[in-house]
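See below for the structure under consideration.
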Amino acid sequence: MQQTILRLPTVKSETGYSRSTIHLRISEGLFTKPVSLGARAVGWPSIEIATLNAARIAGKSNVEIRALVEKLHAARKNAA
C-alpha cells in the first residue's frame with residue numbers, strides 16, 4: 001500500500017471532524033499528531049487516518065483509541 005500524507009482539509013473530510021475537534025482530540029491523545037512537511041506545513045500519514053477511522057467504526061473505547069495512537073506514534077519512530 002502506498003503511503004501518502006494528507007493535509008488538514010482532506011483529514012477533515014475523511015474523519016468528519018472540524019479543525020478544532022482534531023486539535024482537541026490530539027491534546028486528549030485520541031488522534032495522532034501531524035508530521036512536519038516544512039516550516040509551515042503539516043500533514044498526517046493516510047494509513048493512520050484510515051486506522052483511526054476503522055477503530056471508531058469498530059466501536060473502540062477512548063482507552064483503546066489512546067493505546068492505538070501510542071502504537072501508531074511508536075511505529076513512526078521505528079519506520080525511520
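Here the condition is being of a type in the set (Lys, Arg), more than 18 Å from Lys12 (Cβ to Cβ) and surrounded by 15 or more Cβ atoms within 10 Å (Cβ to Cβ); of Lys71, Lys60, Lys77, it holds for Lys60 alone.
Just to be sure before I move on: is Ala41 among the small types (Gly, Ala, Ser) and surrounded by fewer than 13 Cβ atoms within 10 Å (Cβ to Cβ) in the structure I sent? Here the answer is yes, as Ala41 does meet what is asked.
If only residues of the stretch 38-64 that are outside any helix (DSSP H, G or I) and within 8 Å of the chain's Cα centre (by Cα) are counted, the one that is nearest to Ala75 (Cα to Cα) is Pro45.
Within the stretch 2-37, the set of residues being more than 9 Å from the chain's Cα centre (by Cα) and of a type in the set (D, E, K, R) comprises Arg7, Lys12, Glu14, Arg19, Arg25, Glu28. Among residues that are loosely packed, with under 12 Cβ neighbours inside 10 Å and among the small types (Gly, Ala, Ser), Ala50 is not included. For the stretch 21-37, the condition of being surrounded by 15 or more Cβ atoms within 10 Å (Cβ to Cβ), in contact with an Asp or Glu (Cβ under 7 Å, 6 or more places away or on another chain), touching a residue at least 40 places away in the same chain (Cβ under 8 Å) and outside any loop (DSSP other than H, G, I, E, B) holds for none of the residues.
A short reminder: the numbers here are calculations on the coordinates, not readings from a lab. If you're wondering where the values come from, they're calculated on a predicted model, not measured in any experiment. Neighbour counts run over all protein chains shown; Cβ positions are idealised from the backbone, glycine included.
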